[in-house]
Amino acid sequence: MTATTFHAAFLGPFTLDLTAPTAEITIETVPCLTKASARITGPAEIIDQAVQTLAAQRWMVTLPQSKGTMTSFGTVTNVSHRGGAVIQAGNISGTVAFSGGDLYVGSSSATPTAVVSQPASTSASPRGPA
């Protein structure tokens with residue numbers, strides 16, 4: 001797993017847009033903090049391509065989608081990623097994801113996580129996709 005930390009470059013109230021195909025997000029308030037930060041952890045192929053954009057009082061953090069593909073024909077599943085392929089005969093249940101060249105089936109370890117730390121003077125409230 002890979003991690004990176006983004007920092008908001010402004011003081012005072014702001015809007016955070018964190019966009020990701022899937023992620024576990026925790027928002028915490030830290031009394032002594034003056035600027036917000038977001039620590040993102042997950043598969044290298046996703047974290048290395050994460051970007052932040054700052055505009056006025058809007059902070060946008062975007063995580064790309066995994067580049068792996070999966071096709072199923074009955075009980076035979078073909079999972080391909082970066083030129084390699086895994087063929088699974090039988091049922092696959094749960095998450096199928098790649099991280100650092102490893103294939104995870106039925107594991108949440110490939111789901112990116114975000115911990116957003118904000119000053120006590122601001123407040124964040126999560127909302128779902130628009």
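Exposed (fewer than 12 other Cβ atoms within 10 Å of the Cβ) and under 18 Å from Ala120 (Cα atoms): does that describe Thr5?
no
Taking the conditions exactly as written (touching a helix residue (DSSP H, G or I) at 6+ places or on another chain (Cβ under 7 Å) and touching a residue at least 60 places away in the same chain (Cβ under 8 Å)), does Ile40 satisfy them or not?
It is true that Ile40 is touching a helix residue (DSSP H, G or I) at 6+ places or on another chain (Cβ under 7 Å) and touching a residue at least 60 places away in the same chain (Cβ under 8 Å).
Bear in mind these aren't lab numbers, they're just calculated from the coordinates by the rules spelled out. Please read these numbers as outputs of a predicted model, since none were measured by experiment. Here the Cβ is made from the backbone with ideal geometry for all residues, glycine too, and neighbour counts use every protein chain on show.
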